[in-house]
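Here is the structure we will look at, set down as structure tokens.
The values are calculated or read from the model by the stated rules, or taken from the named source; none is laboratory data. The shown structure was predicted, so the numbers you read here are calculated from the model rather than taken from an experiment. FYI the Cβ positions are ideal-geometry reconstructions off the backbone, even for glycines, and counts take in every protein chain you see.
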Amino acid sequence: MRNAVKYIVLLACVAVVFIVTAAALGVSGAKNNARTCSGVDIVILDSLESRFVSEKDIRRYLIEGYGDCTGDSLSKIDLKKIEETIDSKSAVSKSEAYIRGDRLNIEVTQRKPMIRFQGKDGGFYSDSEGYLFPLKDNYTSYVVVVDGKIPLKVSAGYKGRGNDEKEEKWIADMTSLVRYMEKSGVWADNIVQIHVEDNGDLTLIPREGKERFLFGKPDRIEEKFELMSYYYRSIVPAKGKDFYSSVNLKFDKQIICKK
């Protein structure tokens with residue numbers, strides 16, 4: 001009998017603890033549900049590197065695509081949808097939305113341009129992954145410029161990776177070419193423009209000198225730059241600067257120079 005009484009008392013204590021805890025959680029949850037967003041803080045993480053989007057732009061994207069969160073219940077703010085709204089903008093690489101205190105925080109990383117494609121109808125950038133996104137008025141990123149007969153059926157405001165496999169392949173080849181130039185530590189500074197000829201061949205234009213390097217298609221990249229290096233290392237010292245105006249690198253293990 002005594003054990004039964006102890007057991008009943010123990011159950012009663014557990015029940016009381018459970019009720020008190022549930023009540024406390026309910027009050028806490030109610031308080032959280034009652035909390036509202038006092039404002040939105042936006043940070044562009046790489047604003048010193050690029051200025052494709054501003055805090056003002058992100059705030060406008062948020063209001064137009066999701067709504068003004070100020071005054072909304074914090075528990076009802078859809079952080080994933082906010083991120084999807086911001087990430088849908090072509091110049092945005094990644095965004096992160098989170099609640100801190102009673103404020104919505106949004107951190108944004110921009111796409112980093114690697115190439116500027118400049119056609120007769122306008123231009124656009126490509127990042128290192130081959131994603132195309134529009135130019136921005138009143139801001140220019142100083143990257144290598146590709147102009148001429150660009151084999152892409154896209155308009156100046158296009159965003160994406162091309163319209164078909166052939167276009168995607170060409171963009172990938174061009175990003176591989178420029179990536180090699182950047183990794184070299186030399187060519188990205190020396191070559192400032194790439195011109196696409198009518199037949200699809202590339203002509204590389206250096207920052208200094210009158211030489212135009214006939215590169216051909218964006219293939220055998222390492223071999224062709226080795227030939228270009230040999231030209232600067234051996235032929236220029238022998239013939240003098242600006243002696244040649246055309247340097248053909250298209251052919252296997254050959255350099256054909258013309259005055």
Out of curiosity, is residue 225 part of a strand (DSSP E or B) and under 23 Å from residue 176 (Cα atoms)?
no
Report yes if residue 253 is in a loop (DSSP other than H, G, I, E, B), exposed (fewer than 12 other Cβ atoms within 10 Å of the Cβ) and either outside the structural domain of residue 184 (by TED's automatic domain parsing) or at pLDDT below 95 (or both), otherwise no.
yes
Give 127, 41, 46 a once-over and let me know the one that is in contact (Cβ under 8 Å) with a residue 24 or more places away in the chain, under 25 Å from residue 165 (Cβ atoms) and of a type in the set (D, E, K, R).
127
Pairs returned, first residue in segment 77-96 that is over 17 Å from residue 113 (Cα atoms), second residue that is of a type in the set (Gly, Ala, Ser) and surrounded by fewer than 16 Cβ atoms within 10 Å (Cβ to Cβ), beta-carbon separation under 7 angstrom, 6 or more apart or interchain, are 85/65
Checklist (1) surrounded by fewer than 18 Cβ atoms within 10 Å (Cβ to Cβ); (2) touching a Lys or Arg at 6+ places or on another chain (Cβ under 7 Å) applied to residue 130, failing item
(1)
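Every residue, every condition in (1) under 30 Å from residue 110 (Cα atoms); (2) touching a residue at least 12 places away in the same chain (Cβ under 8 Å); (3) in contact with a Pro (Cβ under 8 Å, 6 or more places away or on another chain), yes or no:
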{"position": "160", "(1), (2), (3)": "yes, yes, no"}
{"position": "167", "(1), (2), (3)": "yes, yes, yes"}
{"position": "176", "(1), (2), (3)": "yes, yes, yes"}
{"position": "181", "(1), (2), (3)": "yes, yes, no"}
{"position": "216", "(1), (2), (3)": "no, yes, no"}
{"position": "230", "(1), (2), (3)": "no, yes, no"}
{"position": "244", "(1), (2), (3)": "no, yes, no"}
Quick check on segment 59-76. Is at least one of its residues of a type outside the set (S, T, N, Q), buried (at least 16 other Cβ atoms within 10 Å of the Cβ), at pLDDT below 95 and in contact with a Phe, Trp or Tyr (Cβ under 6 Å, 6 or more places away or on another chain)?
no
For segment 58-136, give me every one of the strands (runs of 3 or more DSSP E) that falls completely inside it and has 3 or more residues that are assigned by TED's automatic domain parsing to the domain that holds residue 155 and more than 14 Å from residue 43 (Cα to Cα).
113-119, 122-127, 132-134
Are any residues in segment 137-149 in contact (Cβ under 8 Å) with a residue 12 or more places away in the chain, of a type in the set (D, E, K, R) and assigned to a loop (DSSP other than H, G, I, E, B), and if so, which ones?
149
Taking the residues in segment 122-140 that are polar (S, T, N, Q) and modelled with pLDDT under 85 as candidates, determine which candidate is farthest from residue 202 (Cα to Cα).
138
So which residues in segment 155-184 are part of a helix (DSSP H, G or I), aliphatic (A, V, I, L, M) and farther than 15 Å from residue 224 by Cβ?
171, 172
